[in-house]
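Below: one structure, written as structure tokens.
None of the figures in this text is laboratory data; all of them are computed from the coordinates on show. Keep in mind it's a predicted model, so treat the numbers as computed, not measured. Every residue, glycine among them, receives a Cβ derived from its backbone with ideal geometry; neighbour counts consider all protein chains shown.
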Amino acid sequence: MKAITLPLILVLSISTAVGQEYDSIQVNTWTEQASAHEKQSDFDSAIFYYEKVEQALMPIVLSAKDSLLSVEYIRVMDKLMIMSFFSGKFENSTSIGHQALKAMNTIWPEGAQIGAQIHFSLGNIYLRFKQTDSARYYLEQCLKVHKTFLPETDGRKYDVIQVLAGVYAQEGNYAKALDSYNQVLDFYKQNLDPSDNKIGNTYIYIGHLYQDYLGDLQKALEYHLLFFQQRLATNDKISRPVGVAYETIGISYNLLGRYDKSLDYYLKALSIYKKVLAPESPTIANVMHNIGSTLNHKGNYTGESNYHEEALTYHSDALAMRKMAYPEVSYKVGSSYKDMGITLSALNRHDEALSYHKRALKVLEEVFDKDNLELAAVNIDMGDALDKSGNYKQAMTYYMRALEIVHLSFTNKHPTLAVIHNNIARIYARQNDTQLSLSHFHKALMANVKGFDDTDIMANPSPEMVMTAINNDSYLTSLNGKANQLKLSTTIKDHELYADSAWQLSVALVDHIRKEYKSDDMKLNLQARSLPLYQSMIDNLYDLYEQYQDPTFLRRIFNVVERSKGTVLFESLKADDALSFAGLSKEINDKENALRSSINFFENIIYELSNQPDSVNSTKLLDYRSSLLDKQDSYDSLLNFLEHNYPEYYRIRYATSSIEIPEVQQTLDGETLLLEYFISNNYLYRIGINAETFEVDRIAINKDFENDALKYLGFLNNRSVALSSEKNTVVSYLNEGHDLYQTLLGGRIMQDSKYRKLLVIPDGVLGYLPFEGLVSDKVNSSMGLPDIPYLIKDYNVRYAYSAGLSILDVSKRNKNTEVSFIGFAPSYPGDYLLASSRGLEQLDSATRAGVSPLVYNQREVEGIGSLLKGEVIIGTDASEKAFKTNAKRSKILHLAMHGLTNDHNPLYSGLLFAPADTTEQEDNFLYAYELYNMDLSAEMAVLSACNTGWGRLRKGEGIMSLSRAFRYAGCPNLVMSLWQADDQAAFDLMKVFYQGIDEGLPKDEALRKAKLAYIDTHDNIHPYFWANFVLIGDDKPIAMDEWPKMFYFILAFMVLIIIVLLARKKVFPTS
């Protein structure tokens, strides 16, 4: 409810009939003080001063019966009533209202309008506390007075109709409520200035009707955005009304499941409130409460507990502030208890969680009628807490209570109904009651999807209905849950085909949701959440293939596998292409680059501040987040403008990301075999594609498969093992490498002797494993180390993030370069501390302590530079600034330096350049996020550095390594290290590799040649020294020094022509 501000006309000097006077100056001072506290939302202080005014006026009113002064007295009472309401004192506020009504009777009809105002305020208060009968009575009394005393065009009548619409909504008469709101909105638009807040308030009320009662969250967001735009256009940007606007949009995005966006708007609101409100303001407590709730949603969405820990801080602070501002039995306190319970439950502190939920339920049952949605919500939360603690029977009791409450107030279409049915279905699924579980998942679909009312449990919404779901998260849960239960059914004929139909809708829904997300982080989280869906769907498709022997099912397995790999990177590259090739003006491109740069800057600063102690609610951090939101909103507006005004941009960006097997086959020659892997719950899927055929194999694996792969990786990447292992130990490990070979490459797939080249697309932990180090046959202790049959001896090997990325056309990108090669090789002093570099707080202490100098890196770069007639930047000159200045000029970039990984936040992994004078822009540590914002022209980047291929594994997307950042920056071919490179071994390998490149060998063949040369020429040929470098990219050679070669060819040809002409002249002399 909005506070009604009425002018207090205090007469400066009034003598009553009995000669009494009051101190008018003092009264005016108190009035001004009260008003100032009211503007700050410091309601208790406002009450203090309004009570002083009321006490000063009351004796004069009682003795003199002065009608003018009595009107002012009643206005003060109205203020006291409203302030008491805002401070959570419901009973006190209504008592003051009734007292004012008694006083009003002495001045009727002169005080008719102030009497109407008291009725209006009382109606508002009763409505807020869900007492609709009382609310309707007082509002109708107010409207009756207005119709009697006011002209038809007076807007005060429509103010009352607007509040009455809220009464109709609570009573379930939604059509009448919407009609009343539209009637009010039409009047306001015709009679008020467009900047009038009443127009904005009506937008928000209509939005709440759609959001809270009609369940149409997208329509609600549309009206809330109208409110937001009106508030921003008509108010100071740092003001309470604008803070409310940001908070409102945060609520809408939160309900739509767009938690990053929601959090941004809440934090912006908090930043504003802290500047304009008192520190203890309940308004600040409310937005902190909302921030905590959104952090909980993010924690549930990502599976990361740090979000819940941060949420607990916000909710604890909000609860403390609310308990000071409101009585124990109030909605605000009860709501805080509820969310404390949710947060503690997410942190697996179940006993504490149940204690808070019980307190919440006790409070809110006293506050609300039995059919209020808030009671449904707290019963759902109680059920969730019991469900997580394994008490399914009691959890079901609370879910059923919630279901009864919702059915009392709503039809069968509401997102809360969908949530309850999904929760009930999950419990039945855990109890192996497939039929009941299936029934409730289907009811959840009907509750969530407009236009879908088919009670046949086999039916699903049509593909077009993907746009009509009220809540996409619940929709995805329902579809996937239903598909899983259909798969398990033993009573339904063709149940696997029905399950497949539901999973196809689920995949289409994931694609739809991904398009709505702007942030890569949200897309990555969506991919991780979708992975179990993909796994179940692929298992079912292979079962269908075995049942029907239809290869269509195998092709679809390939399509689904591709959706699970590198999708976010693929779409980012497509978006970059859209910006490059859609015919945009230089002005638009410059604006896009500037906004991206600003977003990058603020994200970096926010990350650094967030890692400092006690930074969560710091004013500086909130201000930076506020600035980031402004830039992100500007960037989103620019992208929306491009999508609507540049058809080619839209076509390139949103062209389907799925590819078909024939498209892949067109890129493969007769000697290449593509092997793509997918790890499911109990199976490893291997897709083999050559230029003519394809096959899909399903290999049963045990729960230790991924651990076995990591164990063998531990043999490959462990330096101490490489330097000291006894032969028997090595043989044992190598035979484990053979076992892995049999799983990954065994069977008929490798029996065709025509293959010389492998294109490997790994999955999960296999992305850390160099296949070149696998062993194709059993090893025994009598075998010499040079004779070990490593896979590298038989095949050229290269890798890709996905088949789609392997064939993505990068030929149209501008690749004009000035030089063939630029190599960077910094020197490091022995005492160079990494702790001075920004953003590395998550690195382990040993890494932070210091880095060792590199002995061979400068010789490595100088030798290659001489061979390729390129440029070298070494020693202290090899700074971050030098790289950013020169990187775009070269066809090949070579970086021989330390690389460091940040598994907590991969964007803060990076390359360590030479120490130099740091600036605010450059600190000589090139972060991955900086690479994402660069535009490189290099055809190949060689990261001859430690751990450049290592990174955090994001389920459903792949390994978030430094090499991925180079790929995003426009470099299609990458040679990277999967573990800490040996300095001398890297020198020896790179020397031979670049000789092959200079000779015109394909990149994969040149790398294989370098590894084989190392094995042939070194004593210690443990894979640690040579298997770490891998190629991601194509198998084409790099054309070096094309112009000089062409120049010499032309020169030689001209010399030949001259010789021939001279010879002809001798043979046929002129007459």
request  = For K565, list the aspartates and glutamates whose Cα falls under 13 Å from its own Cα; do not include residues on the same chain fewer than 8 positions away.
outcome  = E676, D763, E957
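What is the order of V1055, V378, fewest Cβ neighbours within 10 Å to most? Spell out each step's value before the answer.
Numbers: V1055 10, V378 30.
By the 10 Å Cβ count, ascending: V1055, V378.
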ask   = Taking the highest mean first, how do the peptides 799-808, 862-871 order by number of other beta carbon atoms within 10 angstrom per residue?
value = 799-808, 862-871
ask   = How much length is gained if the chain between N886 and E222 is pulled fully straight, taking 0.36 nm per residue apart and subtracting their Cα-Cα distance, in nm to one decimal?
value = 234.3 nm
ask   = So, in nm, how far is label T397 from label D433 when the simple model puts each one 7 Å beyond its Cα toward the Cβ?
value = 1.6
remark   = Excluding residues fewer than 8 positions from K493 in its own chain, the lysines with Cα under 26 Å of it are K443, K482
task = With a Förster radius of 35 Å, plug the Cβ-Cβ distance of E818 and L638 into 1/(1 + (r/R0)^6) and report the FRET value to the nearest 0.05.
result = 0.65
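Beyond 24 Å between alpha-carbons counts as too far, so tell me which of K237/K515; K198/K237; K620/K888; K586/K888; K515/K881 fall in that bin. Write down the numbers at each step before the final one.
Numbers: K237/K515 31 Å; K198/K237 18 Å; K620/K888 35 Å; K586/K888 19 Å; K515/K881 36 Å.
Flagged as over cut-off: K237/K515; K620/K888; K515/K881.
Suppose the chain between I1058 and S658 were pulled fully straight at 0.36 nm per residue; how much longer would it get relative to their current alpha carbon spacing?
Values: separation 400, 0.36 × 400 = 144.00 nm, distance 5.78 nm.
Net length gain for the segment: 138.2 nm.
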task = Calculate the spin-label point distance for K370 paired with E736, positioning each point 7 Å from the Cα along the beta-carbon direction, and give it in nanometres.
result = 6.4
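What does the C-alpha gyration tensor say about the overall shape of region 229-317? Classify as rounded when a/c is under 1.5, otherwise prolate if a/b is larger than b/c, or oblate.
Details: a/c = 3.08, a/b = 1.51, b/c = 2.05.
Taking the square roots of the gyration eigenvalues as a ≥ b ≥ c, region 229-317 is oblate.
With a/c under 1.5 counting as rounded, go ahead and sort region 320-452 into rounded, prolate or oblate using the C-alpha gyration tensor (a ≥ b ≥ c being the square roots of the eigenvalues; past the cut-off, prolate if a/b is larger than b/c, else oblate).
Details: a/c = 2.56, a/b = 1.46, b/c = 1.76.
It is oblate, given that a/c is not under 1.5 and a/b is not larger than b/c.
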note = With no solvent term and unit scatterers on the alpha-carbon positions of region 670-758, Debye gives log₁₀ I(q)/I(0) at q = 0.10, 0.12, 0.17 Å⁻¹ of -0.34, -0.48, -0.83
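I need the calculated FRET efficiency for the pair N718 and K754, taking r as the beta carbon distance and R₀ as 45 Å, to the nearest 0.05. Present the calculation step by step, with values, prior to reporting the outcome.
Working: r = 36 Å, r/R0 = 0.81.
Efficiency, rounded to the nearest 0.05: 0.80.
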inquiry  = From the phi angles alone, apply the Karplus equation (6.51, -1.76, 1.60; θ = phi - 60°) to region 592-598 and give each ³J(HN,Hα) in whole Hz, x where the residue is Gly or Pro.
reply    = 5, 5, 5, 5, 4, 5, 5
request  = List the trypsin sites (Lys or Arg not before Pro) within region 197-277 that fall in a DSSP loop (any state other than H, G, I, E or B) and whose Cβ has at most 16 other Cβ atoms within 10 Å.
outcome  = K237
query = What is region 292-389 by shape, rounded, prolate or oblate, if you read a ≥ b ≥ c off the alpha carbon gyration tensor as root eigenvalues and call it rounded for a/c under 1.5, prolate for a/b larger than b/c, and oblate otherwise?
reply = oblate
ask   = At a Förster distance of 22 Å, what's the computed FRET efficiency of A700 paired with L488, Cβ-Cβ distance as r, to 0.05?
value = 0.70
key: Pair S95, D351: separation of 7 Å Cα→Cβ label points (nm)   = 4.1
note = Per the rule of 0.36 nm per residue minus the C-alpha distance, extending T552 to S316 adds in nm 79.5 nm
ask   = If we sort 766-774, 1020-1028, 625-633 on the protection proxy, mean other Cβ atoms within 10 Å, highest first, what's the order?
value = 766-774, 1020-1028, 625-633
note = Calc'd 3J(HN,Hα), region 438-445, phi into Karplus 6.51 cos²θ - 1.76 cosθ + 1.60 (θ = phi - 60°), Hz, glycine/Pro = x, comes to 4, 4, 6, 4, 5, 5, 4, 4
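How would T29, T743 line up from fewest to most surrounding beta-carbon atoms within 10 angstrom?
Values: T29 14, T743 18.
Ascending Cβ contact count within 10 Å gives the list T29, T743.
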key: Within region 976-1009, backbone nitrogen closer than 20 Å to the virtual label 7 Å beyond the Cα of E862 toward Cβ   = 983-995
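Can you give the net charge of the other residues whose Cβ lies under 10 Å from the Cβ of L408, counting K and R as +1 and D and E as -1? Please report the intermediate quantities before stating the final value.
Numbers: positive: K370; negative: D369, D371, E404.
That works out to -2.
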